[in-house]
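Participant: I am attaching a structure below and will ask some questions about it afterwards.
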Amino acid sequence: MKKDVTVLQRVLSANDKIANILRDIYREHNKYVINLMSSPGSGKTSLLESLSDTDLKFCVIEGDLETNRDADRLETKGILAKQITTGEACHLEAKMIQTILPSIIADVRFQASDFIFIENVGNLVCPASYDLGANVNVVLLSVPEGDDKVLKYPSMFLCADIVLITKADMIPFFEFSVERVKQDLKSLRNGIELMLVSSKEMSSIATLKQRFQKFAQDGYISNHIYR
């Protein structure tokens, strides 16, 4: 007698297996990990620079196709930052994180950090497909990009635990509808959190810092599937 068997769990890819190893390393060192994803120029590095002016203690893994410019910017602010130069790869992969982690752990500043931020390569497509073992996935959408990106790049926003509208101080100068972003996110999946932030408004940075700390205090772990 023939039986149909439904496979409910996908076979782990090589990337997924390494991502699980990374989770163990993060837990071993008591670090809470936040993956920042967005298009180029959305303000990821500026956001981290602003967070460094609060009492949040963190280090950063930087991803870019070329140059160490973003890592150098953060190091100037006194932040432990290590650059991954991906060459032609438009995203970070778990193996890349695994390779660079020992040099971060060896730095004396690592022990003083409560958080690891992964600043992914600027791209609204490919990073959504690669699990890096992070606790929280954050997608940035800057006001100058426009309010129509959520449904144009659904895979990216589907894996978001929280979406940040950055450069929010510029809303009066652009035809940008926060309500449209809210409704588009809701049409993808209920429960995607939305916050407005601006590096020119430190009160918004302080609120975001508190939100990240609350994620960590609650032991929040993202369970959104990478596409």
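The values are calculated or read from the model by the stated rules, or taken from the named source; none is laboratory data. Note that the structure is predicted; figures quoted are calculated from it, not measured. Note: ideal-geometry Cβ built from the backbone for every residue, glycine included; neighbour counts use all protein chains shown. These accessible areas exclude ligands, DNA and RNA; they are computed on the full protein's heavy atoms, side chains included. Shrake-Rupley method; radii C 1.70, N 1.55, O 1.52, S 1.80 Å.
Participant: In region 105-127, how many residues are assigned to a loop (DSSP other than H, G, I, E, B), open to solvent by less than 10 Å² (accessible area, probe 1.4 Å) and either touching a residue at least 60 places away in the same chain (Cβ under 8 Å) or more than 28 Å from A160 (Cβ to Cβ) (or both)? If you could, list the steps in order and put the result at the bottom.
Facilitator: Taking region 105-127 first, the residues assigned to a loop (DSSP other than H, G, I, E, B) are 106-114, 120-125.
Next cut, open to solvent by less than 10 Å² (accessible area, probe 1.4 Å) only: 110, 113, 120-121.
From the residues that got through so far, the ones that are either touching a residue at least 60 places away in the same chain (Cβ under 8 Å) or more than 28 Å from A160 (Cβ to Cβ) (or both) too are 110, 113, 120.
Total satisfying the criteria: 3.
Participant: Would you call E49 within 20 Å of L140 (Cβ to Cβ), in contact with a Lys or Arg (Cβ under 6 Å, 6 or more places away or on another chain) and either open to solvent by 30 Å² or more (accessible area, probe 1.4 Å) or of a type in the set (D, E) (or both)?
Facilitator: Working: within 20 Å of L140 (Cβ to Cβ): yes; in contact with a Lys or Arg (Cβ under 6 Å, 6 or more places away or on another chain): yes; either open to solvent by 30 Å² or more (accessible area, probe 1.4 Å) or of a type in the set (D, E) (or both): yes.
Judged against the criteria, E49 is a match.
Participant: Hey, another quick one. So which residues in region 150-176 are open to solvent by less than 10 Å² (accessible area, probe 1.4 Å), part of a helix (DSSP H, G or I) and not aromatic (F, W, Y)?
Facilitator: Selection gives V150, M156.
Participant: For the structure I just gave you, tell me whether D16 is at pLDDT below 95, part of a loop (DSSP other than H, G, I, E, B) and over 22 Å from A81 (Cβ atoms).
Facilitator: So D16 fails the test.
For every residue, the table says whether it meets (1) modelled with pLDDT of 95 or more; (2) open to solvent by 80 Å² or more (accessible area, probe 1.4 Å).
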{"residue": "V33", "(1), (2)": "yes, no"}
{"residue": "M37", "(1), (2)": "yes, no"}
{"residue": "P40", "(1), (2)": "no, yes"}
{"residue": "A71", "(1), (2)": "no, no"}
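Participant: Residues being aliphatic (A, V, I, L, M) and farther than 18 Å from G146 by Cα: count how many of those fall in region 189-215. Quick ask: steps written out before the conclusion?
Facilitator: The initial filter retains those residues of region 189-215 that are aliphatic (A, V, I, L, M), namely 192, 194-197, 202, 205-206, 208.
Add one more test, that the residue is farther than 18 Å from G146 by Cα, and what stays is 192, 202, 205-206, 208.
Residues meeting the conditions: 5.
Participant: Okay, next question. Condition first: within 25 Å of K167 (Cα to Cα), touching a Pro at 6+ places or on another chain (Cβ under 6 Å) and not in a strand (DSSP E or B). Can you find one or more residues in region 60-70 that meet it?
Facilitator: No - not one qualifying residue is present in region 60-70.
Participant: Moving to a separate point now. State yes or no: is I225 under 18 Å from K31 (Cα atoms) and either open to solvent by 80 Å² or more (accessible area, probe 1.4 Å) or at pLDDT below 95 (or both)? Break it down stepwise before answering.
Facilitator: Working: under 18 Å from K31 (Cα atoms): no; either open to solvent by 80 Å² or more (accessible area, probe 1.4 Å) or at pLDDT below 95 (or both): yes.
No, not satisfied.
Participant: Under 6 Å between Cβ atoms, at least 6 apart or on separate chains: pull out the pairs that start in region 13-36 with a residue that is under 20 Å from V138 (Cα atoms) and end on any residue that is open to solvent by 50 Å² or more (accessible area, probe 1.4 Å).
Facilitator: That search, which allows pairs on different chains as well, returns N15/E93; N15/Y130.
Participant: Taking Q83 as meeting all but one of (1) in a loop (DSSP other than H, G, I, E, B); (2) under 20 Å from L132 (Cβ atoms); (3) open to solvent by 10 Å² or more (accessible area, probe 1.4 Å), write down the number of the exception.
Facilitator: Here Q83 clears every test but (1).
Participant: Here is a list of conditions, (1) outside any helix (DSSP H, G or I); (2) among the β-branched types (V, I, T); (3) touching a helix residue (DSSP H, G or I) at 6+ places or on another chain (Cβ under 6 Å), and I221 meets all of them except one; can you say which number that is?
Facilitator: Condition (3) is where I221 drops out.
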